[in-house]
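The values are calculated or read from the model by the stated rules, or taken from the named source; none is laboratory data. Bear in mind the structure is a predicted one, so any value in this text is a computation, not a measurement. Every residue, glycine as well, gets a Cβ built from its backbone with ideal geometry; the counts of neighbours run over all protein chains shown. For accessibility, only protein heavy atoms count, side chains too; no ligands or nucleic acids. Shrake-Rupley method; radii C 1.70, N 1.55, O 1.52, S 1.80 Å.
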Amino acid sequence: MKRPPQDQAPPQASARERGTTFASMQGDLKLTVAGEGVKLTVAFRELPRSRRDRTPTKAEARRLQQVAPVTAKRDERTREAVIEKAGEGVYIFSAEPETAKAAQASFTLTIYEAGKREKTASIGTRNLQGKTVVARVLMPDGVLWDDESAFTGSLEDSDSTTKFNAQTGLYWKEYAD
């Protein structure tokens, strides 16, 4: 059966329609990196909800697992790194120059994209000289370490910072390197 002419595709696409286009990836966590020459790494530290009412020991805090996010280039200068299903714990996104010289990039973190709890945080532009922590996020809560409104107070000592929320019972401790 022959289709009517209006249902057939044009024999050749115009110049603006050529090329490959990909839909943006989605997941529980997505870091968008706008810049060139940046290497991204993601580490995970387990922190189950049942243990969030106490601070982890230094040994527990240093127990990190490397995570391989799904990555894609959105365009010439923009890449996305997605954690499709996030576990209970802290995700640490770090960036560094791919070469020995410095690099500059802008970062945006999206939590629970396309869902009811979607939250986007503009991390900003960073000048990278070496390995730099770009963002720390506590999942599944979607709490950013740098979001002071998520905490009711903090304590600092010589080798760590503890942030807490008295209403929720959350204690989050990060040790200095």
Scanning segment 52-108 for residues that are of a type in the set (Gly, Ala, Ser) and in contact with a Leu (Cβ under 8 Å, 6 or more places away or on another chain), the one most open to solvent (accessible area, probe 1.4 Å) turns out to be Ala102
Note on segment 126-146: residues assigned to a strand (DSSP E or B), open to solvent by less than 80 Å² (accessible area, probe 1.4 Å) and free of Cβ contacts under 8 Å to residues at least 40 places away in the same chain are Arg126, Thr132, Val143, Leu144
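Could you list all residues from segment 47-84 that are touching a residue at least 24 places away in the same chain (Cβ under 8 Å) and either among the aromatic types (Phe, Trp, Tyr) or within 15 Å of Asp141 (Cβ to Cβ) (or both)?
Pass one, segment 47-84, residues touching a residue at least 24 places away in the same chain (Cβ under 8 Å): 47-49, 52-56, 58, 61-62, 64, 66-72, 74, 77-84.
Result: Leu47, Pro48, Arg49, Arg52, Asp53, Ile83.
Would you please name the residue that is farthest from the chain's Cα centre (by Cα), looking only at residues in segment 108-122 that are in contact (Cβ under 8 Å) with a residue 24 or more places away in the chain and in a strand (DSSP E or B)? Talk me through it step by step, then tell me what you get.
Filtering segment 108-122 for residues in contact (Cβ under 8 Å) with a residue 24 or more places away in the chain gives 108-114, 117, 121.
Next, only the ones that are in a strand (DSSP E or B) stay: 108-111, 121.
Details: Thr108: 8, Leu109: 5, Thr110: 7, Ile111: 8, Ala121: 10 Å.
Out of the qualifying residues, it is Ala121.
For the structure I just gave you, tell me whether Asp53 is under 18 Å from Trp145 (Cα atoms), under 11 Å from the mean Cα position of the chain (by Cα) and among the charged types (D, E, K, R).
On the way: under 18 Å from Trp145 (Cα atoms): yes; under 11 Å from the mean Cα position of the chain (by Cα): no; among the charged types (D, E, K, R): yes.
Spelling it out, it is not the case that Asp53 is under 18 Å from Trp145 (Cα atoms), under 11 Å from the mean Cα position of the chain (by Cα) and among the charged types (D, E, K, R).
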In segment 147-163, anything exposed (fewer than 13 other Cβ atoms within 10 Å of the Cβ), charged (D, E, K, R) and either under 26 Å from Thr110 (Cβ atoms) or free of Cβ contacts under 8 Å to residues at least 24 places away in the same chain (or both) is listed as Glu148, Glu156, Asp157
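Answer with yes or no whether Ser122 is in contact with a Ser or Thr (Cβ under 8 Å, 6 or more places away or on another chain), of a type outside the set (Asp, Glu) and surrounded by fewer than 11 Cβ atoms within 10 Å (Cβ to Cβ).
Spelling it out, Ser122 is indeed in contact with a Ser or Thr (Cβ under 8 Å, 6 or more places away or on another chain), of a type outside the set (Asp, Glu) and surrounded by fewer than 11 Cβ atoms within 10 Å (Cβ to Cβ).
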